[in-house]
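No lab work stands behind these numbers, since they all come straight from the coordinates. Just so it is clear, the model here is predicted, and its values are computed rather than measured. Cβ placement follows ideal geometry from the backbone for every residue including glycine, while neighbour counts extend to all protein chains displayed.
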Amino acid sequence: MIEIVNKFEKIVYVLLMAFLMIVLAASLLELLWYIFQSLTNEPRYLLESHELIAVLGAFLLVLIGVELLDTIKAYFSENTIHVEIVLLLAIIAIARKVILLDPTTASGIDFGIELIGIGIIVLGLSGGYYLIKRAGITIGSAQPDQK
């Protein structure tokens, strides 16, 4: 029974990797199309601030997808979860949120509470990443990496 579950798990990971590659290819094409449109609109070869923010957001979204693919690939090949990659992915995602944050859409107190929450998340993720890198821990490994 365990062997059947392991084979099923491998099939799921292969399907996830295939679907993620399709999504990444579509996202990359969308990013290229958006950059092309932004550079050809008036004024030519000059991105306005909202266009630049949208391009950076799309770029970071593709980067998050690539990191997620790397995480799935590492688990598929090594049967270990690389916690530092997952934390890095979360840090990139929260950085994307900060870049795309629009202060004009929120009221004063709501925006302040959101910024405080984002700050706490950034501190927690950064602290966790620092501790994981310092300890050299990877879930699923027999022992921490020795330096």
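Only Cα pairs under 8 Å and at least 6 apart count here; give the relative contact order of the chain as a rounded whole percent.
22 percent
Show me, bin by bin at 5 Å from 0, the whole-percent P(r) of the chain based on Cα pairs.
In whole percents, the pair-distance histogram is 2, 8, 12, 14, 15, 14, 14, 9, 6, 3, 1, 0, 0.
If you bin every alpha carbon distance in the range 1-58 into 10 Å steps from zero, what whole percent lands in each bin?
Computed distribution, short to long bins: 21, 29, 18, 14, 11, 5, 1.
Suppose R0 equals 41 Å. What FRET efficiency, 1/(1 + (r/R0)^6) with r the Cβ-Cβ distance, do S107 and V55 give to the nearest 0.05?
Here the calculated transfer efficiency is 0.90.
Identify which of T71, T104, T80 has the largest mean-square fluctuation in a Gaussian network model of the chain, with springs joining Cα atoms closer than 10 Å.
In this elastic network of the chain, the residue with the biggest mean-square fluctuation among T71, T104, T80 is T104.
With springs only between Cα atoms under 10 Å, which of S126, S38, S107 fluctuates most in a Gaussian network model of the chain?
Looking only at S126, S38, S107, the largest GNM fluctuation is found for S107.
When the helices in the chain are scored as -39500 (n - 2.57) per DSSP H run of 4 or longer and the sum is shared across all residues, what 222 nm value do you end up with, to the nearest 500 deg cm²/dmol?
Result for the chain, helices only: -28000 deg cm²/dmol.
Once Rh is set to the Kirkwood radius over Cα pairs, what Stokes-Einstein translational diffusion coefficient, in µm²/s, holds for the range 66-109 at a temperature of 37 °C and a viscosity of 0.692 mPa s?
Estimated diffusion coefficient is 267 µm²/s.
Taking K133 as the anchor, which aspartates and glutamates have their alpha carbon closer than 18 Å to its alpha carbon, excluding any fewer than eight residues away along the same chain?
Answer for K133, where 18 Å is the Cα cut-off: E67, D70, E84, D145, listed by chain and number.
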